[in-house]
Amino acid sequence: MPSSPETTRAVVVCESMFGNTRAIADAVAGTLRRGFDRVDVFATVSFGVTGTPRPLAEGELDEARRWAAALDFLSRLTVSA
């Protein structure tokens, strides 16, 4: 586990549309909290529109925007080894 006077942070990201992936991510986060000052869990629901000429269903565009914002946030995190 990290040993530093600086604040340590871990991020757990999971796809939570099917199964118990969120529960597993929460369990992983619980273990990580033993050695990190802050642990965040980001659960996303996948979506996709492929091979379909139809318009997006209600809420799909908003979900895409939230997903993009989460990815943007995660891409800006400073990760140190």
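Can you find a residue that is in contact with a strand residue (DSSP E or B) (Cβ under 7 Å, 6 or more places away or on another chain), at pLDDT 85 or above, exposed (fewer than 13 other Cβ atoms within 10 Å of the Cβ) and within 22 Å of Leu74 (Cα to Cα) anywhere in region 25-37? The answer is yes, given that some residue of region 25-37 is in contact with a strand residue (DSSP E or B) (Cβ under 7 Å, 6 or more places away or on another chain), at pLDDT 85 or above, exposed (fewer than 13 other Cβ atoms within 10 Å of the Cβ) and within 22 Å of Leu74 (Cα to Cα).
Does at least one position in region 44-56 carry a residue that is at pLDDT 75 or above and surrounded by 10 or more Cβ atoms within 10 Å (Cβ to Cβ)? No, because not a single residue in region 44-56 is at pLDDT 75 or above and surrounded by 10 or more Cβ atoms within 10 Å (Cβ to Cβ).
The values are calculated or read from the model by the stated rules, or taken from the named source; none is laboratory data. A quick note: this is a predicted structure, and the numbers were derived from the prediction, not measured. Virtual Cβ from ideal backbone geometry, glycine too; neighbours counted across all protein chains shown.
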